Amino acid sequence: MEECHASKVLRLPVILYKILNFLPCKALNSCSRVCKVWNEYAATIKKKRKKIEWMALEYDEEEGLNSKAENLCSFIEQLSSEPDHLLMFCTSRLYESPISLPSSHPTRFPRNAKCEAVEVSTFMEKLLPKLCPIFALVADGVVVTDQKTNKTCEMEDRDALTLLSIPKIDGFDIYTFYVDIYTYANRMDESGSGLFEVDQVSTVPADKEVKAILFFCDEPFCPPEIGYTLLQHYKSCVIAGGYVDNFNSNRNSEASLMCIALCGPRVHAASVIIREEVNTAQEVDKIIKKLKDCNIPEENSFAFMFACIGRGRGHFKGSENVESSVFRKYFPKTPLFGFFGNGEVGFEHLHKYEENIKTGEVPSEIPNKPLPKLYHAYTTIICLVSII
C-alpha cells in the first residue's frame, strides 16, 4: 500500500477544516499564512466564531506579578475568537506594579525583562492585535468572574484583575469617546451656559442606535450636565458607570472622562440601582429579580457592577459577595465585572425583552418624564447587556 503522508492528508478539505477548527485564534492566524487555501479556511472559521471570553487573576504579592505573566499570555493565546475590544478591571496596587514584557529571543530574555518592566495595561496591549483597543479601569476594589470556575468574587481588599474579550459581532458596535472635563468647565465659565454639545465629542455615527453607555471618570467631580445631556441625546439608553482612581486606554490617555457606547439592533440592555438603605440579601434579591423579570436572554450576555467603596462586606455586616452572589443566583451563565469606586452613575432602566421585539425598538419614555437621578453615593449600579 502507498504510504500515507501528512502532507497528503492535509490536502483533504474535510480533514484540513477539522484540524484548523480545533486551533485557537492566534494559532489560526499563523496557519493562515501557509498558503491561499489555508488562509481561506482560516478566514471562514474565524468569521463563525463570536465567543465572548473572560478571565480573572488574583495577585499574590509574595509571588510577584511576573509569576502571573504566563497566565495573561496564555489567556490571549487561547482565545478562540479574535478580540475586537478588551476591557480590564484592575485594583490600583496591582496596576502600579511593574510586569516584564515577554521576549521572543530566549538568549536575551533575562536582560530584556529587566529593561522593559511596564504597567499591566501596557503589557496586555503588547499581546493584543494592533487594532484591538484596550480599556483599563482602575479602582481600590474590583468584581471579577473566572470563566474556568464560573465563580464571581468581590475583591474589596485583595489585588486582582479581570479581563473581558469581546469579538467583532454583526449588529453590535462599540464606539468610544472622551471628554476633557477641565476644557468643558472653562468653556462653560466663558459662555455662561451649561450646555454640553454631544456631537462635538461623540464618535457614534448618527445612524447608530445607542443601547448603553459605560461612563467612567477619574476626577473627583464631573459636571452633571454631561451625564444628563447624554441621557437626553441618546434617548432611552442605559447609562452606567462611576468614578475610578484611573483609567487607561491605548486610544486616549489624557481625557478625564471616557464613555463606551454599546450600539446596534442586537444589543439589549437593562439596569437597576441598589440604594444606600438596602443592606440585606433579601432586599437585594427583590431588586435583582426585577432585572430577571425583563426576560433578557442570557446567552451571549455579560454584566457590570459598579458599587460604592463604602458598600460590600462592611455594609452587609461582615457577609461577603452579597450583591454579586444574588446576581449569579438569577444569572448563572452571565459573567459579572466591575469595581468599587468613589461614586456611581446610573439609574433604573427596565424594559422587557418581549416588548423590544414587538415594537422593533426600545420604548422611549425618558423624554416624557422627569430625568432620573443619575449621580449617586453609597449605591450599586448593575447593568445587564445581551447580544441576541
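Observations on the model:
- FRET efficiency, LYS26 to SER67 (Cβ-Cβ, R0 22 Å, nearest 0.05): 0.50
- Only Cα pairs under 8 Å and 6+ residues apart enter the sum, and on that basis the relative contact order of the chain stands at 17 percent.
- For the stretch 248-299, Kirkwood radius (reciprocal of mean inverse C-alpha pair distance, Å): 14.5
- Where only C-alpha atoms are counted, convex hull volume of the stretch 192-321 per residue in Å³: 160
- Added length on full extension, which subtracts the Cα-Cα distance from 0.36 nm per residue, GLU58 to GLU354: 102.6 nm
- Cross-link partners of LYS286 among lysines (Cα-Cα below 23 Å; sequence separation of 8 or more within a chain): LYS151, LYS317, LYS329, LYS333, LYS352, LYS373
- Summed residue charge, Cβ within 13 Å of THR229's Cβ, Lys/Arg positive, Asp/Glu negative: -2
- Derived scalar couplings ³J(HN,Hα) [the stretch 33-50; Karplus, 6.51 cos²θ - 1.76 cosθ + 1.60; whole Hz; x for Gly, Pro]: 8, 5, 6, 5, 5, 5, 4, 5, 5, 4, 5, 5, 5, 5, 5, 7, 8, 9
- Hydrodynamic radius of the stretch 303-357 per Kirkwood, over alpha carbon pairs, in Å: 13.0
- Environment charge of GLY338, counting only residues whose C-beta is closer than 11 Å and scoring Lys/Arg +1, Asp/Glu -1: -3
- The alpha-carbon atoms of the stretch 226-271 define a convex hull whose volume equals 110 cubic angstrom per residue.
- Whole-angstrom Cα spans of the chain along principal axes, big to small: 82, 53, 49
- Computed packing ranks the peptides 318-325, 333-340 as 333-340, 318-325, most packed first, by mean other Cβ atoms within 10 Å.
- Computed from backbone phi, the HN-Hα couplings of the stretch 334-348 come to 9, x, 10, 10, x, 7, 9, x, 9, x, 10, 10, x, 7, 7 Hz, rounded to whole numbers (Karplus: 6.51 cos²θ - 1.76 cosθ + 1.60, θ = phi - 60°; Gly and Pro given as x).
- The residues of the chain present an accessible area of 49 Å² per residue when probed at 1.4 Å with all protein chains retained.
- Within the accessible area of the stretch 123-173, the carbon and sulfur atoms contribute 49%, probe 1.4 Å, all protein chains present.
The values are calculated or read from the model by the stated rules, or taken from the named source; none is laboratory data. Since we're looking at a predicted model, the values are computed, not measured. Note that we place each Cβ from the backbone using ideal geometry, even for glycine, and neighbour counts take in every protein chain shown. Just the protein is used for accessible areas: all its heavy atoms, side chains included, with ligands, DNA and RNA removed. Shrake-Rupley method; radii C 1.70, N 1.55, O 1.52, S 1.80 Å.
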